[in-house]
Amino acid sequence: MNRSRTRRRRLRFRRLGIPAVGALVVVGVAAGPAAAHAEVTASDPRALAENVTLSFTSEAESETAGIAELRVVLPKGMAPDALTLKDAPKEWKFTATADGYTIGGPALPTGTDAEYSVTVRQLPDEKSLAFKTLETYGDGKVSRWIEVPTEGEKVDNPAPVLELKAAAPGAKPISPGPSPAPGSAAPSTRPSTASSSAPAASAGARATSAEGAGSSTGAVVGVIAAVLVLGAAGALWWLRRNRGRA
């Protein structure tokens, strides 16, 4: 009897213990720290909106160092020279890159989120914009928020994504100012050396030709004069000779 009672008690404890442990696991996961991430918001989240302020927040996830730099790759249709820094942590600087920009400076205090804002000349005509971001901490650690979810799937390191509304009626893309192609020189305002030297060369050629013609004419006249002088001298000599004979 005592043995059967003991067995029953053990079964009861086992049945109660299993769900209790499961509840503790669920609570522990829910109470754990939320995954850090980066976010972006806009003052006017509409396609083709102009002079829009984009505000970014990168959550600090390191327990030993603060964020020192953020490197952002801009989405399609947004050029680095179309952005200007509006607000940032003290002593942080904004630098444009080939495909986006970097912003950074002295490392923030450990656990402090990096918050800054930029002004964009015009948002592109898209439905959503993804800003792939790399966070660099003072100790060299890098967090990569560069994955872009598609079709509602979940990713481990999502990039900040800005959902855009339809463009306002009549909104049009701003025409970019004319700029020379990479590697090409700006047009010069000075007159072309080739074009200015051509007339000079032609004039010189004409002058040389005229001089040559003049020299040839002078030589011909000189020869004729010499012939006439010699002819007259011969005729005079012939007359004198005949007179002497007579």
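The values are calculated or read from the model by the stated rules, or taken from the named source; none is laboratory data. Since we're looking at a predicted model, the values are computed, not measured. Heads up, the Cβs are rebuilt from the backbone with ideal geometry, glycines too, and the neighbour counts pull from every protein chain shown. Heavy atoms of the whole protein, side chains included, go into the accessibility calculation; ligands, DNA and RNA do not. Shrake-Rupley method; radii C 1.70, N 1.55, O 1.52, S 1.80 Å.
Structure notes:
- Length released on extending from Arg121 to Ala96, taking residue separation times 0.36 nm less the Cα-Cα span: 7.5 nm
- Among the listed pairs Lys141/Lys165; Lys90/Lys141; Lys93/Lys154; Lys93/Lys127; Lys93/Lys172; Lys90/Lys165, a Cα-Cα separation exceeding 27 Å is found for Lys141/Lys165; Lys93/Lys154; Lys93/Lys127; Lys93/Lys172; Lys90/Lys165.
- Estimated at 0.36 nm per residue, the fully extended path between Arg46 and Ser62 surpasses their Cα-Cα distance by 2.3 nm.
- Accessible area of region 55-127 belonging to carbon and sulfur atoms, whole % at 1.4 Å probe: 46 percent
- Sorting the segments 123-136, 75-88 by their mean number of nearby beta carbons within 10 angstrom, highest to lowest, gives 123-136, 75-88.
- Average silhouette area of region 40-121, convex hull of alpha-carbon atoms, in square nanometres: 5.3 nm²
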